[in-house]
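**Q** Once you've had a glance at the structure underneath, I'll fire off some questions.
The values are calculated or read from the model by the stated rules, or taken from the named source; none is laboratory data. All of these numbers come straight from a predicted model, not from anything done at the bench. All Cβ positions, glycine included, derive from the backbone under ideal geometry; neighbour counts span all protein chains shown.
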Amino acid sequence: MSKGVIGDPFTFTVLFLDGSYQPTIVTNPTIKVFYFTDAGQRVHLVAAGTVLPASAPVETGRYSYTYTIPATLDAHQEIYGIMRGQDPLTFDDYVVEQSVDLFPAEIPGGMRANFVKDGVC
């Protein structure tokens, strides 16, 4: 499970591995993003079949998609990303789900975590 801030961008990432656990480039990588209402209705935020681009910088088998979490969602909700790809040699379908817990943009007390790369401030 991941954590996302309402109103901020969130990056869904996946590393596809082949049957030998080696990173592999898949064909037709796609993503869909959705959440469930209190009544249990699924609401799509990113349509099924949306292209899942290779990560930047490019790394074999790694794909990422950045999506801004709508400000209309609440902290009690979760969003889900379903990422798919197909092994070009075996035609096996790979499916990965990433769930995201939502948090308000302003945390009481003014604390907020930000993650940066080493040496970058």
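**Q** In the range 44-74, what residues are hydrophobic (A, V, I, L, M, F, W, C) and loosely packed, with under 12 Cβ neighbours inside 10 Å?
**A** Across the range 44-74, the qualifying residues are Ala47, Val51, Ala56, Val58, Ala71.
**Q** Residue by residue through the range 79-106, note down the ones that are charged (D, E, K, R) and surrounded by 16 or more Cβ atoms within 10 Å (Cβ to Cβ).
**A** Within the range 79-106, Arg84, Asp87 meet the criteria.
**Q** Restricting the search to the range 29-48, which residues are of a type outside the set (A, V, I, L, M, F, W, C) and either part of a strand (DSSP E or B) or farther than 13 Å from Gln77 by Cα (or both)?
**A** Pro29, Thr30, Lys32, Tyr35, Arg42, His44
**Q** Give me a count of the residues in the range 19-32 that are touching a Phe, Trp or Tyr at 6+ places or on another chain (Cβ under 6 Å) and either among the aliphatic types (A, V, I, L, M) or within 17 Å of Val100 (Cβ to Cβ) (or both).
**A** So the count comes out to 2.
**Q** Scanning the range 92-121 for residues that are among the aromatic types (Phe, Trp, Tyr) and outside any loop (DSSP other than H, G, I, E, B), which turns out modelled with the highest pLDDT?
**A** Here the answer is Tyr94.
**Q** Since Ala75 meets every condition but one in (1) outside any loop (DSSP other than H, G, I, E, B); (2) touching an Asp or Glu at 6+ places or on another chain (Cβ under 9 Å), which condition does it not meet?
**A** (1) is the only condition that Ala75 fails.
**Q** Next up: With the requirement that a residue be modelled with pLDDT under 95 and not polar (S, T, N, Q), what does the range 37-52 give you?
**A** Within the range 37-52, Asp38, Ala39, Gly40 qualify.
**Q** Here's a follow-up. When you go through (1) touching a strand residue (DSSP E or B) at 6+ places or on another chain (Cβ under 6 Å); (2) in contact (Cβ under 8 Å) with a residue 24 or more places away in the chain one by one for Pro70, which number turns out not to apply?
**A** (1)
**Q** Return the total of residues in the range 11-24 being at pLDDT 95 or above and among the aliphatic types (A, V, I, L, M).
**A** 2
**Q** Of the conditions (1) touching a residue at least 24 places away in the same chain (Cβ under 8 Å); (2) within 12 Å of the chain's Cα centre (by Cα), Pro104 fails just one. Which one is it?
**A** Result: Pro104 fails condition (2) only.
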